[in-house]
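Single-structure report; data block below.
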Amino acid sequence: MYRLAILLLAAAAFGQTTYQIDSSNSGAQFAVRHLMISTVRGSLGKITGTIEYDPESLDKSSVKATVDVKGLDTREPKRDAHLRSAEFLDAEQYPSITFESTKFWKEGNALKVSGNLTIRGTTKPVTLTAEVSQPVKNQREGGTKIGAQITTKINRQDYGVAYSKVAEGGGAIAGNEVSITIDLEATAK
C-alpha cells in the first residue's frame, strides 16, 4: 500500500501541470540583418501567459503567451522608436504579440510546438523548437519551476511588417528573416 501511494504521488508530480510564465525571469530576443552586412539584436518587453505541460502526454499540453511590443529595446532609442512606429510593428495600434499553441510533439531530443503567432493583427502558423528543463523545486519561494529555451525564424513580411527601403548601393536596410529566441521560466500554480 505504501509503494502504491508513492507511485501515485510520483505520477501526480510529473503529470499535467499548469505553469504561470515568470515575467521577471523570462525574455524574448530577436535578430535581423541590417544593411545586409551586420545583425541587429534586440529584446521585446514583458512576457506573460500560461502553460499546461504534461511531458508524458503532450497532446494535453498547451501554451498561451503575450509579449509587450512597447518594451522593445535595441540599445538605440531612435531605432527603437522607428521599430515601434507604423512602418514596422505599429505598437500604438498593436501593443502585443501573441502565441497560442495547437500541437506539441517530440522530434529527437527537442520539443516542437506549433501554433498561431499574431503580429500587427496578422495571424500565421509557426513552429517553435524548445529545450525544456526538468521541473525544479524553488527552495526560496516554494513551488516548482520549469524553464525552456525556445527558437524559431519568421519572415516579417508575412506579418505585415513590410518596411522595404533600400540603402544606397542596393542592400535592404532591414532583412526579412527574423530569428527569435525566448528564454522562459515558469512557476507551477
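Restricted to region 170-189, and to residues there that are modelled with pLDDT of 90 or more, farther than 20 Å from PHE88 by Cβ and not hydrophobic (A, V, I, L, M, F, W, C), the residue that is surrounded by the fewest Cβ atoms within 10 Å (Cβ to Cβ) is ASP183. Do we have THR18 as touching a helix residue (DSSP H, G or I) at 6+ places or on another chain (Cβ under 7 Å), outside any helix (DSSP H, G or I), modelled with pLDDT of 75 or more and of a type in the set (S, T, N, Q) here? No; evaluated as a whole, the condition is false for this residue. For region 43-56, the condition of being exposed (fewer than 14 other Cβ atoms within 10 Å of the Cβ), at pLDDT below 95, more than 20 Å from ALA186 (Cα to Cα) and not aliphatic (A, V, I, L, M) holds for none of the residues. Contact map, region 18-45: first residue small (Gly, Ala, Ser), second residue at pLDDT 95 or above and part of a loop (DSSP other than H, G, I, E, B), Cβ cut-off under 6 Å, separation 6 or more or different chains; pairs are SER23/LYS46; ALA28/LEU44; GLY42/THR74.
HIS34 meets the conditions (1) at pLDDT below 95; (2) surrounded by 15 or more Cβ atoms within 10 Å (Cβ to Cβ); (3) touching a Phe, Trp or Tyr at 6+ places or on another chain (Cβ under 7 Å) in every case but one. The failed one is (3). Listed here are the strands (runs of 3 or more DSSP E) enclosed by region 38-114 that have at least 3 residues being among the aliphatic types (A, V, I, L, M): 62-68. If only residues of region 143-166 that are surrounded by 13 or more Cβ atoms within 10 Å (Cβ to Cβ) and among the hydrophobic types (A, V, I, L, M, F, W, C) are counted, the one that is modelled with the lowest pLDDT is VAL161. None of GLY121, GLY108, GLY115 is touching a Pro at 6+ places or on another chain (Cβ under 8 Å) and not charged (D, E, K, R) except GLY115.
The values are calculated or read from the model by the stated rules, or taken from the named source; none is laboratory data. As the structure is a prediction and not an experimental result, all values here were calculated from the model. FYI the Cβ positions are ideal-geometry reconstructions off the backbone, even for glycines, and counts take in every protein chain you see.
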